Amino acid sequence: MKKQEQKSRQYIVFDLEWNQSASGKKDSVENIPFEVIEIGAVKLDKDLNPIGEFSRFVRPEVYRRLHYKVFEIIHIGMEELKQRGEPFPKVIRDFLDWCETAENGKKETPVFCTWGNMDLTELQRNMAYHKVLSPFPYPLLYYDVQKLFSLLYEKDSKDKYPLDSAVDFLKIPQDRPFHRAIDDAYYTGCIMKKINFNAVREYLSMDYYRLPKDKEEEIYLIFPNYSKYISREFETKEEAIADKTVTDMICYRCNRSLRKKIRWFSANQKNYYCLAICPEHGPVRGKIRMKHTADGRTCAIKTIKLIGEDGVQKMEMKKAETVQKRRLRNRVKHTREM
């Protein structure tokens, strides 16, 4: 395993606004549930100071009616989008050219930054739909600024701050509105500047739009407090959980293969948990999240993290609760069959 690093002299902080089927999922177009209607971005230098902005509307082609929730957020009607917007292929090419051009005219490889984990995935879905060739590297690593904020201020909380709440929390001047792509990108850049970015610089995220197709493409990432493994695609989750590489527990500090104290068990249909012991570094929790692909296959995302005695107790309680629920289900099933 290798520690991931990003070397760049500029950051692209971007945000998307998108539309969806006005009549619900039943009329959603396959492979493009969200159609990008606005791209906004701020370019930051190596010291996180803004050095440029990009803002463009996209003319809708997939969904010709605006979902009422989208209108409530952006306050722009469909007619205005049609008049001010340009075709997606033109907008995305202009955006990518702008991303790679530095102030001195030299090409730069930017590091993308977003608030949340959806924007890069939805951008690539729109690119694929419009048959725009993706220039993004594999694996595509980026900064989820919402996650960085959580690491610094929310610790173990599972609740994620919305952007406007984080701006309030950090007492950033609110001299622009929210819920427009360019303005949300601006505030995300302000948050990067305000927080101790160097303290969380190593916590890159990986975009999951493109998943490993074979064993050679599988990804191993090491962070200060945990490691992450992204498997190749399997036909089923049962096939994935039967794979030794998926279920191996290895300490990311010493690379030692670990003895399992609590073997892998499923708390629900998507997540599996395991508890192992490292003789040198102590108890280690494993978590496997099964991610379904667009074509119905399954990818396993395994996170391994050192935990204290409190974490051990939580794992033992989760296992006991899972066993109890399974026994209850079996009793109910047996009663119904009698």
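What are the residues in the stretch 165-191 that are charged (D, E, K, R) and modelled with pLDDT under 95, if any? Steps first, please.
Taking the stretch 165-191 first, the residues charged (D, E, K, R) are 168, 171, 175-176, 180, 183-184.
Asp175, Arg176, Arg180 - these are the residues of the stretch 165-191 that are charged (D, E, K, R) and modelled with pLDDT under 95.
Going residue by residue through the stretch 100-121, is there one that turns out to be at pLDDT 90 or above, farther than 18 Å from Ala185 by Cβ, exposed (fewer than 14 other Cβ atoms within 10 Å of the Cβ) and of a type in the set (S, T, N, Q)?
From the stretch 100-121, those at pLDDT 90 or above are 111-121; that's our starting set.
Now narrow it down to the ones that are farther than 18 Å from Ala185 by Cβ: none.
No, the conditions are met nowhere in the stretch 100-121.
Where in the stretch 231-294 are there strands (runs of 3 or more DSSP E), lying wholly inside it, with at least 2 residues that are in contact with an Asp or Glu (Cβ under 6 Å, 6 or more places away or on another chain)?
Values: elements: 259-266, 271-278, 282-292.
Because the criterion is at least 2 residues that are in contact with an Asp or Glu (Cβ under 6 Å, 6 or more places away or on another chain), no strands (runs of 3 or more DSSP E) in the stretch 231-294 meet it.
Every residue, every condition in (1) over 30 Å from Ile307 (Cβ atoms); (2) exposed (fewer than 14 other Cβ atoms within 10 Å of the Cβ); (3) in the same structural domain as Val13 (by TED's automatic domain parsing); (4) within 21 Å of the chain's Cα centre (by Cα), yes or no:
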{"position": "Phe149", "(1), (2), (3), (4)": "no, no, yes, yes"}
{"position": "Tyr153", "(1), (2), (3), (4)": "no, yes, yes, yes"}
{"position": "Asp159", "(1), (2), (3), (4)": "no, yes, yes, yes"}
{"position": "Ser165", "(1), (2), (3), (4)": "no, yes, yes, yes"}
{"position": "Pro173", "(1), (2), (3), (4)": "yes, yes, yes, no"}
{"position": "Arg176", "(1), (2), (3), (4)": "yes, yes, yes, no"}
{"position": "Arg180", "(1), (2), (3), (4)": "yes, no, yes, yes"}
{"position": "Gly189", "(1), (2), (3), (4)": "yes, no, yes, yes"}
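Confirm whether Lys270 is surrounded by fewer than 21 Cβ atoms within 10 Å (Cβ to Cβ) and farther than 17 Å from Glu309 by Cα.
yes
With the condition kept exactly as written, say whether any residue in the stretch 196-219 is out of contact with any Gly (no Cβ under 6 Å at 6 or more places or on another chain), among the charged types (D, E, K, R) and crowded, with 19+ Cβ neighbours inside 10 Å.
Step one: of the stretch 196-219, the residues out of contact with any Gly (no Cβ under 6 Å at 6 or more places or on another chain) are 196-219.
Filter once more, so that each one left must be among the charged types (D, E, K, R): 201-202, 207, 210, 213-218.
When the remaining residues are screened for being crowded, with 19+ Cβ neighbours inside 10 Å, the result is 207.
Checking the stretch 196-219: at least one residue is out of contact with any Gly (no Cβ under 6 Å at 6 or more places or on another chain), among the charged types (D, E, K, R) and crowded, with 19+ Cβ neighbours inside 10 Å.
For the stretch 315-338, does any single residue satisfy the condition of being in a loop (DSSP other than H, G, I, E, B), over 29 Å from Ile230 (Cβ atoms) and either among the β-branched types (Val, Ile, Thr) or not assigned by TED's automatic domain parsing to the domain that holds Thr236 (or both)? Don't jump to the end; show me each part of the working.
At the first step, the residues of the stretch 315-338 found to be in a loop (DSSP other than H, G, I, E, B) are 338.
From what is left, the residues that are over 29 Å from Ile230 (Cβ atoms) are 338.
Filter once more, so that each one left must be either among the β-branched types (Val, Ile, Thr) or not assigned by TED's automatic domain parsing to the domain that holds Thr236 (or both): 338.
Taking every residue of the stretch 315-338 in turn, at least one turns out to be in a loop (DSSP other than H, G, I, E, B), over 29 Å from Ile230 (Cβ atoms) and either among the β-branched types (Val, Ile, Thr) or not assigned by TED's automatic domain parsing to the domain that holds Thr236 (or both).
Can you say whether Ile76 is free of Cβ contacts under 8 Å to residues at least 40 places away in the same chain and either within 30 Å of Gly24 (Cα to Cα) or exposed (fewer than 15 other Cβ atoms within 10 Å of the Cβ) (or both), as far as the supplied structure shows? Break it down into steps so the answer makes sense when it comes.
Values: free of Cβ contacts under 8 Å to residues at least 40 places away in the same chain: yes; either within 30 Å of Gly24 (Cα to Cα) or exposed (fewer than 15 other Cβ atoms within 10 Å of the Cβ) (or both): yes.
It is true that Ile76 is free of Cβ contacts under 8 Å to residues at least 40 places away in the same chain and either within 30 Å of Gly24 (Cα to Cα) or exposed (fewer than 15 other Cβ atoms within 10 Å of the Cβ) (or both).
Taking Phe54 as the residue in question, decide whether it is surrounded by 19 or more Cβ atoms within 10 Å (Cβ to Cβ) and either in contact with a Ser or Thr (Cβ under 9 Å, 6 or more places away or on another chain) or of a type in the set (A, V, I, L, M, F, W, C) (or both). Lay out the reasoning, then the answer.
Details: surrounded by 19 or more Cβ atoms within 10 Å (Cβ to Cβ): yes; either in contact with a Ser or Thr (Cβ under 9 Å, 6 or more places away or on another chain) or of a type in the set (A, V, I, L, M, F, W, C) (or both): yes.
Criteria met by Phe54.
Can you tell me which of (1) assigned to a helix (DSSP H, G or I); (2) more than 25 Å from Asp47 (Cα to Cα); (3) of a type in the set (Gly, Ala, Ser) is the one Ser227 doesn't meet?
(1)
The values are calculated or read from the model by the stated rules, or taken from the named source; none is laboratory data. This structure is a prediction, so every number in the text was calculated from the model and none was measured. Note that we place each Cβ from the backbone using ideal geometry, even for glycine, and neighbour counts take in every protein chain shown.
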